[in-house]
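A.B. asks: First, the structure itself, so that you have it in front of you.
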Amino acid sequence: MNSPTQPKAVQQVPLQSPKGTRDFYPEDMRVQNHLFDVWRRACLDFGFEEYEGPTFEHLELFTEKSGQEIVTQLYNFKDKGDRDIALRPEMTPTLARMVNQKGNSLKLPLRWFSIPRLFRYEKAQRGRLREFFQLNMDILGCNTIAAEVELLSSIVNMLKAFGLTADDFSIHVSSRRLLSELLDRLGVPAEKKTVVYSALDKRAKIGEAEFKSLLGKEGMSPPAIDSIETFFNFKDIAALEAWMKDGGLVDPGAMATEGQAASGLEELKSLFGYMRALGLEGFLSLDTSVVRGLAYYTGIVFEVYDKSLGMRAVAGGGRYDNLLANLGGNSMSGVGFGMGDVVLADLLREKGLMPSGREPLDYYLVDVAPNETRLPNPQLMLLAQKLRAEGRRVGYSLSGEKMKKQMVQANDQNAGRVLFFGSDKGGEDRYEVKDLKTGEQSVSAFEDL
């Protein structure tokens, strides 16, 4: 005798989102849209144009720029055509590919921005997720310090638009070009510089002793290591210049030529001079410990920090004059930065600068005499349609509840006014309206609504 067929067990579907990702409920999307709106408005105010690229790229695009070690930080896979693909961990390689693809048909300089969704396989922690959004702003084809000044000004402008002040954030500025010149003077071979940059970028995390040990293993002499350690502690340009001149580490006769600073030091001095002229110097500080880990930076580098020092950098970037050529295109200068949504949102919450409440409705239509079908009155729906056609935000009950419940819904949906449909005080194209903020009631013609 056959046993009855047992029902198949229902597989338990995970209710949690994957580690390092987020669900965006409506209240969360209000926050995201606020960030995106301020970002986009600031970019447009500075004359930037928006672009976008694919969410995944050929893996080689990232390994060519950052080396094979970047693979451990990526979400990569083989597609059905056996091609090596990676979800984009940053936007700059995509930007470079797109510009190289167009070649000489683009009119320079380019001022482009994007707000991509990015992916990095790394430890999820406060301020760092595996899936996140990031504002990218780049200027391509401008060889002078004017590009850096424009980007730093845009950062100040957008953070002020969020409600932050010079008491809340500071832009820490240094120069990879100056650091490269220093390493040249100290006798560090060109092929060793990338390794040194990587060690310098980790310096704050690994401590002074291990940092010096790493440089020693790369063949650097103790005096050279001490000079680098001294260099990394300057917070004042005048003091830095005096130290470098006294130690013979900079050419005292270096002058700016052909619109470009002749040395990293002169470039820094020019940048601070421009920001002073714009009244923005108070947002900047010299910080020679800023290196930026990516090998492609060639000039000014910067990071934006929350002054409470309780968080990671809010943004970071710099000049990359060789990246497009290294990825197979024409030689073209570039300056750009990225600003992540996770750290910025944490900072704005801490400062009480996040929007609260849902987007308001202009009108909530309350049916004074809901019908027995528990469905909206067709004439009420037609009125809502007419008001929406005039650009008004309108809501109403979909279930024909009693007036009291409709009024509760009006408040829940953050309505500015309630329009009483079917009120005795109304008439043809005239409606009784109540302002929910002031409590005032009036009768208005349709064209006045």
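A.B. asks: Output the qualifying pairs, or none if there are none: Cβ atoms under 6 angstrom, residues six or more apart or on different chains, first residue in region 368-383 and over 16 Å from Tyr431 (Cβ atoms), second residue part of a loop (DSSP other than H, G, I, E, B) and among the hydroxyl-bearing types (Ser, Thr, Tyr).
C.D. replies: Arg374/Ser399
A.B. asks: If I ask for residues that are over 25 Å from the mean Cα position of the chain (by Cα), not small (Gly, Ala, Ser) and not in a helix (DSSP H, G or I), which ones from region 67-87 would you list?
C.D. replies: Phe77, Lys78, Asp79, Lys80, Asp82, Arg83, Asp84
A.B. asks: Still on this structure, please answer the following. Take region 411-430 and flag every residue that is surrounded by fewer than 15 Cβ atoms within 10 Å (Cβ to Cβ) and either of a type in the set (S, T, N, Q) or in contact (Cβ under 8 Å) with a residue 60 or more places away in the chain (or both).
C.D. replies: Selection gives Asn411 alone.
A.B. asks: Would you confirm whether any residue within region 335-350 is open to solvent by 40 Å² or more (accessible area, probe 1.4 Å) and either out of contact with any helix residue (DSSP H, G or I) (no Cβ under 7 Å at 6 or more places or on another chain) or in a helix (DSSP H, G or I) (or both)?
C.D. replies: yes
A.B. asks: Right, here's the next one. Which residues, counting only those in region 284-325, are surrounded by fewer than 22 Cβ atoms within 10 Å (Cβ to Cβ), farther than 28 Å from Asn100 by Cβ and of a type in the set (A, V, I, L, M, F, W, C)?
C.D. replies: Selection gives Leu284, Leu286, Leu309, Met311, Ala313.
A.B. asks: Picking from Val433, Val408, which residue would you name as being of a type outside the set (S, T, N, Q) and either in contact with a Gly (Cβ under 7 Å, 6 or more places away or on another chain) or buried (at least 16 other Cβ atoms within 10 Å of the Cβ) (or both)?
C.D. replies: Val433
A.B. asks: Considering (1) part of a helix (DSSP H, G or I); (2) in contact (Cβ under 8 Å) with a residue 24 or more places away in the chain; (3) closer than 22 Å to Gly264 by Cα, say which one Ala204 fails and leave the rest.
C.D. replies: (3)
A.B. asks: Oh, and also: Pull up region 28-66, narrow it to residues that are among the acidic types (Asp, Glu) and not in a helix (DSSP H, G or I), then point me to the one that is most open to solvent (accessible area, probe 1.4 Å).
C.D. replies: In this case the residue turns out to be Glu49.
A.B. asks: If I ask for residues that are in a helix (DSSP H, G or I) and more than 13 Å from Val188 (Cβ to Cβ), which ones from region 215-236 would you list?
C.D. replies: Lys217, Pro222, Asp226, Glu229, Thr230
A.B. asks: Looking at (1) open to solvent by 50 Å² or more (accessible area, probe 1.4 Å); (2) in contact with an Asp or Glu (Cβ under 6 Å, 6 or more places away or on another chain); (3) farther than 25 Å from Asp37 by Cα, which is the one condition that is false for Asn377?
C.D. replies: Only one criterion is unmet by Asn377, namely (1).
A.B. asks: Hey, among Arg388, Arg392, which residue is in a loop (DSSP other than H, G, I, E, B) and modelled with pLDDT of 95 or more?
C.D. replies: Result: Arg392 is the single residue among Arg388, Arg392 that is in a loop (DSSP other than H, G, I, E, B) and modelled with pLDDT of 95 or more.
The values are calculated or read from the model by the stated rules, or taken from the named source; none is laboratory data. The structure presented is a predicted model; accordingly, all values stated were derived computationally and were not measured. Positions of Cβ are backbone-derived with ideal geometry, glycine not excepted, and every protein chain shown enters the neighbour counts. In case anyone asks, the SASA skips ligands and DNA or RNA and just uses the protein heavy atoms, side chains included. Shrake-Rupley method; radii C 1.70, N 1.55, O 1.52, S 1.80 Å.
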